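Chemist: Sharing a structure with you now.
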Amino acid sequence: MSLADEVAAAHAGHPNPAALVGEFRRTSVLVPVVNDSLMSAELSGIRWLYAFSNEQELARFAVSRGAGPETELPYVRAVGARLLDVVIPAIEGPAGVVLDSGSEQGMVFPPVSGIVPDSVAVDLAEPDEAGDRPGVPTAGGAA
């Protein structure tokens, strides 16, 4: 199945996580660029890179953020594996990818083992002196 099919299956309640991640790794996605940097946002201590499955999803996202319908958001094209294996480890702190942000078919690829390299996976990180794992909410924290 294609990435779009795997995402649709996951949203329909029939996820196949290994196939979903595999398809993301093989698929070329669009990553918006702002001020010579890949567009991202931070939430709960995790940096999330934005990636889009096609130009229509990217344009919808840009309009939802206040851009005019004819405004083009610059982007680079990258294979999902390069984002997960090269870009994510180069970011200081925990980072993941959100695909088609704000869409009904949006999907997140969090910084956990099996998605990102083990060296940057938050579920494998060593606890700090307080016993907390970086980027992983504590029992009282919000996810």
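Chemist: Could you tell me which numbered condition Phe24 fails, if it satisfies all but one of (1) modelled with pLDDT under 95; (2) crowded, with 17+ Cβ neighbours inside 10 Å?
Modeler: For Phe24, the exception is condition (1).
Chemist: Could you list, in sequence order, all residues of the stretch 34-48 that are in a strand (DSSP E or B) and among the aliphatic types (A, V, I, L, M)?
Modeler: From the stretch 34-48, those in a strand (DSSP E or B) are 34, 37-38, 40-43, 46-48; that's our starting set.
Correct list: Val34, Leu38, Ala41, Leu43, Ile46.
Chemist: If Val136 satisfies all but one of (1) at pLDDT 90 or above; (2) surrounded by 15 or more Cβ atoms within 10 Å (Cβ to Cβ); (3) more than 19 Å from Leu3 (Cα to Cα), what's the number of the condition it fails?
Modeler: Checking Val136 against (1) at pLDDT 90 or above; (2) surrounded by 15 or more Cβ atoms within 10 Å (Cβ to Cβ); (3) more than 19 Å from Leu3 (Cα to Cα), the one that fails is (1).
Chemist: Something else about it: Of (1) surrounded by fewer than 18 Cβ atoms within 10 Å (Cβ to Cβ); (2) part of a strand (DSSP E or B); (3) small (Gly, Ala, Ser), Ala18 satisfies all except one. Which?
Modeler: If we test Ala18 against (1) surrounded by fewer than 18 Cβ atoms within 10 Å (Cβ to Cβ); (2) part of a strand (DSSP E or B); (3) small (Gly, Ala, Ser), just (2) comes out false.
Chemist: Could you count how many residues in the stretch 41-78 are of a type in the set (S, T, N, Q), in contact (Cβ under 8 Å) with a residue 24 or more places away in the chain and either closer than 19 Å to Ser28 by Cα or in contact with an Asp or Glu (Cβ under 9 Å, 6 or more places away or on another chain) (or both)?
Modeler: Residues of the stretch 41-78 that are of a type in the set (S, T, N, Q), as a first pass: 44, 53-54, 56, 64, 71.
Narrowing further to those that are in contact (Cβ under 8 Å) with a residue 24 or more places away in the chain: 44, 53-54, 64.
Restricting the remaining residues to those that are either closer than 19 Å to Ser28 by Cα or in contact with an Asp or Glu (Cβ under 9 Å, 6 or more places away or on another chain) (or both) gives 53-54.
Qualifying residue count, the stretch 41-78: 2.
Chemist: Under 11 Å from the mean Cα position of the chain (by Cα), surrounded by 12 or more Cβ atoms within 10 Å (Cβ to Cβ) and either free of Cβ contacts under 8 Å to residues at least 60 places away in the same chain or assigned to a helix (DSSP H, G or I) (or both), is that true of Val31?
Modeler: On the way: under 11 Å from the mean Cα position of the chain (by Cα): yes; surrounded by 12 or more Cβ atoms within 10 Å (Cβ to Cβ): yes; either free of Cβ contacts under 8 Å to residues at least 60 places away in the same chain or assigned to a helix (DSSP H, G or I) (or both): yes.
Yes; evaluated as a whole, the condition is true for this residue.
Chemist: Looking only at the stretch 47-81, filter to residues that are surrounded by fewer than 21 Cβ atoms within 10 Å (Cβ to Cβ) and within 12 Å of the chain's Cα centre (by Cα); which one of those is farthest from Pro110 (Cα to Cα)?
Modeler: My answer is Ala81.
Chemist: Evaluate the following for Gly96: is it surrounded by 13 or more Cβ atoms within 10 Å (Cβ to Cβ), under 18 Å from the mean Cα position of the chain (by Cα), within 15 Å of Ile46 (Cα to Cα) and at pLDDT below 95? First the steps, then the outcome.
Modeler: Values: surrounded by 13 or more Cβ atoms within 10 Å (Cβ to Cβ): yes; under 18 Å from the mean Cα position of the chain (by Cα): yes; within 15 Å of Ile46 (Cα to Cα): yes; at pLDDT below 95: no.
The answer is no for Gly96.
The values are calculated or read from the model by the stated rules, or taken from the named source; none is laboratory data. Computed from a predicted structure; not experimentally measured. Glycine gets a Cβ as well: all are built from the backbone with ideal geometry, and neighbour counts include every protein chain shown.
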